[in-house]
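K.L.:
For reference, the structure I am asking about is given below.
The values are calculated or read from the model by the stated rules, or taken from the named source; none is laboratory data. Values in this document were obtained by computation on a predicted structure and should not be read as measured data. FYI the Cβ positions are ideal-geometry reconstructions off the backbone, even for glycines, and counts take in every protein chain you see. The accessibility values were calculated without ligands, DNA or RNA, using every heavy atom of the protein model including side chains. Shrake-Rupley method; radii C 1.70, N 1.55, O 1.52, S 1.80 Å.
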Amino acid sequence: QAFQSVSDVPSRAIHGKTLSELTSLNFPLSIIAIEHMDDQEFYHSLANDTFPRPAAKVFAEVGLNEDKAKSYSASSAQACCLAQFLCSTYASVIRRYPDANLIPEFGRGMRNHVNAAKAMLALFDHDMAFELSEKSRQTCLDTQLMLELCLAVSYHSGPKMLNLVVDRWGSDWYRNYVMQGRRPPPLPEGKGLKIRGVWYLAKLTATRMYLF
């Protein structure tokens, strides 16, 4: 429903596309699952070869509780509800994507699952259009998989972190460090993709395999 609602909203990042055409249908579902997946449960599921269980648990909770699911879930950074948005991020998306017709009030908008999903689709485009460096944009657009890996880093760690990672490692950032399960070496000034960010991508990769 969310994809259909923004199928006529032009992308600000990629000429000729709409918000519904930037990512695969399962990408925002994957983000929702990993945002609410317990880290320890995920680690144990990999060790015991029972992975789909943590993702299925999140989807079952959302399915059973419908619009009430994760309505009052908040992170330590005050990211809210199903989509784990910050109020400031939501305000920026509303300002730059008026045609998406998002609910203006933050709390109500985040507790409406269709609206929250629309906001996620707009945010993916927002970061590509306004926050990523040209080098990051070109790296992201290499393949659909790379695009979604980049957008996941931006969603979890912020677009500035993605810019730092790509600037340091270029198009090899994922293959050389994340797929091998090793923590990336520090970036200049001690900044890097934190280990939680690496595991976030590991959760994304596992969840995509489960959904596709």
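K.L.:
Which condition from (1) on the phi > 0 side of the Ramachandran plot; (2) modelled with pLDDT of 90 or more is the one that residue 49 breaks?
P.N.:
(2)
K.L.:
Quick check, is residue 59 open to solvent by 30 Å² or more (accessible area, probe 1.4 Å), over 16 Å from residue 2 (Cα atoms), assigned to a helix (DSSP H, G or I) and at pLDDT below 95?
P.N.:
So residue 59 passes the test.
Yes/no matrix, rows are residues, columns are (1) open to solvent by less than 10 Å² (accessible area, probe 1.4 Å); (2) under 30 Å from residue 1 (Cα atoms); (3) out of contact with any strand residue (DSSP E or B) (no Cβ under 6 Å at 6 or more places or on another chain); (4) modelled with pLDDT of 90 or more:
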{"site": "123", "(1), (2), (3), (4)": "no, yes, yes, yes"}
{"site": "153", "(1), (2), (3), (4)": "yes, yes, yes, yes"}
{"site": "174", "(1), (2), (3), (4)": "no, no, yes, no"}
{"site": "202", "(1), (2), (3), (4)": "no, yes, yes, no"}
{"site": "205", "(1), (2), (3), (4)": "no, yes, yes, no"}
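K.L.:
When you scan segment 135-146, how many residues do you find that are over 14 Å from residue 168 (Cα atoms) and either surrounded by fewer than 21 Cβ atoms within 10 Å (Cβ to Cβ) or modelled with pLDDT of 95 or more (or both)? Steps first, answer last, please.
P.N.:
Initial filter on segment 135-146 (over 14 Å from residue 168 (Cα atoms)): 137-138, 140-146.
Remaining after also requiring either surrounded by fewer than 21 Cβ atoms within 10 Å (Cβ to Cβ) or modelled with pLDDT of 95 or more (or both): 137-138, 141-146.
Residues flagged as over 14 Å from residue 168 (Cα atoms) and either surrounded by fewer than 21 Cβ atoms within 10 Å (Cβ to Cβ) or modelled with pLDDT of 95 or more (or both) within segment 135-146 amount to 8.
K.L.:
To continue, here is another question. From the residues in segment 35-53 that are open to solvent by 40 Å² or more (accessible area, probe 1.4 Å) and not in a helix (DSSP H, G or I), which one is farthest from residue 126 (Cα to Cα)? It would help to see each step written out before you state the result.
P.N.:
At the first step, the residues of segment 35-53 found to be open to solvent by 40 Å² or more (accessible area, probe 1.4 Å) are 35, 38, 40-41, 43-44, 46-50, 52-53.
Then keep just the ones that are not in a helix (DSSP H, G or I); that gives 38, 48-50.
Values: 38: 28, 48: 38, 49: 37, 50: 35 Å.
Going through the qualifying residues, I end up with 48.
K.L.:
I've got another one for you. Among the residues of segment 104-119, are any at pLDDT 95 or above and touching a Pro at 6+ places or on another chain (Cβ under 7 Å)?
P.N.:
no
K.L.:
Separate question: For segment 3-34, enumerate the residues that are touching a Lys or Arg at 6+ places or on another chain (Cβ under 9 Å), in a helix (DSSP H, G or I), open to solvent by 10 Å² or more (accessible area, probe 1.4 Å) and not β-branched (Val, Ile, Thr).
P.N.:
3, 5, 26
K.L.:
Got at least one residue in segment 88-97 being open to solvent by 70 Å² or more (accessible area, probe 1.4 Å), assigned to a helix (DSSP H, G or I) and at pLDDT below 90?
P.N.:
No.
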